[in-house]
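This report concerns only the one structure given below.
The values are calculated or read from the model by the stated rules, or taken from the named source; none is laboratory data. Computed from a predicted model, the values in this text were never measured in an experiment. Here the Cβ positions follow ideal geometry from the backbone for every residue, glycine too, while neighbour counts run over all protein chains shown.
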Amino acid sequence: MNTSKIAVMKGVYNPEALAEQICAHVAGTGNAGSYLRGSLQFLERFPPNPFIVPLLRKALHEQH
């Protein structure tokens, strides 16, 4: 059976920082919401792949 993985962060400039900020925003710590909003604005204009924008939108709405 062949399995494939979707590379959600493919093409993103600094994927480690973005992943860290998503986790911080979902946890409700720090100032991650503004970082994600800025990243979303940029990536909506210049999307490196079709998966990153929906992921960021969902992350912004998932704060606890």
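For segment 1-23, taking the residues that are within 17 Å of Phe51 (Cα to Cα), outside any helix (DSSP H, G or I) and among the β-branched types (Val, Ile, Thr), the one that is modelled with the lowest pLDDT is identified as Ile6.
The residue pairs whose first member lies in segment 1-21 and is at positive phi, whose second member is surrounded by 14 or more Cβ atoms within 10 Å (Cβ to Cβ) and of a type in the set (A, V, I, L, M), and whose beta carbons are closer than 8 Å, counting only pairs six or more residues apart or on different chains, are Gly11/Ile52. Residue selection: Leu40 fails the criterion of being buried (at least 16 other Cβ atoms within 10 Å of the Cβ), assigned to a helix (DSSP H, G or I) and touching a Ser or Thr at 6+ places or on another chain (Cβ under 9 Å). Just to be sure before I move on: is Val26 in contact with a helix residue (DSSP H, G or I) (Cβ under 7 Å, 6 or more places away or on another chain), in contact (Cβ under 8 Å) with a residue 24 or more places away in the chain, not charged (D, E, K, R) and not in a helix (DSSP H, G or I) in the structure I sent? Judged against the criteria, Val26 is not a match.
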